[in-house]
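No lab work stands behind these numbers, since they all come straight from the coordinates. Nothing here was measured: the structure is a model prediction, and the numbers come from that model. Because the Cβ atoms are built from the backbone with ideal geometry, glycine has one as well, and the counts that use them run over all protein chains shown.
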Amino acid sequence: MARVVIVNRDSGLADRQAAVLRAAGHAVELCGGPRQEPCPVIESLPCPLVDRADVLIYDAWVAGSSDGGRQLIADLRETYVDLPVVLTSVDRSLDWIETEGPHRVTPLVGEPTPEELRAAVETALADQGMAV
């Protein structure tokens with residue numbers, strides 16, 4: 001199965017998502033995001049956690065604001081062009097989300113069910129390498 005990195009400001013939610021994905025056979029690593037830990041991605045540098053990942057699950061609000069999330073995802077997509085990203089905690093205020101092209105993500109509205117999370121990871125993995 002895939003190696004998943006979950007980046008979420010809510011450690012309880014991250015733990016629940018990790019349990020769902022581990023039960024599905026994935027290897028999972030957790031990160032509290034740039035407001036809790038130094039983040040090389042913000043400096044356009046490679047991240048050791050991300051370097052090991054097959055898919056990323058990012059909380060859309062992990063950078064603290066819509067603009068911060070937009071910039072973090074843009075930087076992430078520029079540095080890791082072909083790495084699939086599932087974006088969680090999506091709501092209508094996030095008008096910057098792209099589902100096609102080089103900054104594309106697989107969005108999940110609100111807190112996904114275990115089934116929605118597993119399906120989004122599978123969809124994102126199937127999309128790997130399709131950044132055009």
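Side notes on the structure shown:
- Amide H contacts under 5 Å for V28: V4, restricted to partners 5 or more places along the chain or on a different chain, H placed in the peptide plane at 1.01 Å from N.
- The chain: most fluctuating residue of A120, A24, A60 per GNM, C-alpha cutoff 10 Å: A24
- Translational diffusion coefficient of the chain (Stokes-Einstein, Kirkwood radius from Cα pairs, 4 °C, 1.567 mPa s): 90 µm²/s.
- Remark on V85: its backbone amide H falls under 5 Å from those of L56, T106, a criterion applied only to residues 5 or more positions apart or on other chains, H modelled at 1.01 Å from N.
- Calculated from backbone phi, Karplus (6.51, -1.76, 1.60) coupling profile of region 39-44 in Hz, x at Gly/Pro: 10, x, 4, 4, 8, 6
- At an R0 of 25 angstrom, the distance between the Cβ atoms of A23 and I97 translates into a FRET efficiency of 0.35.
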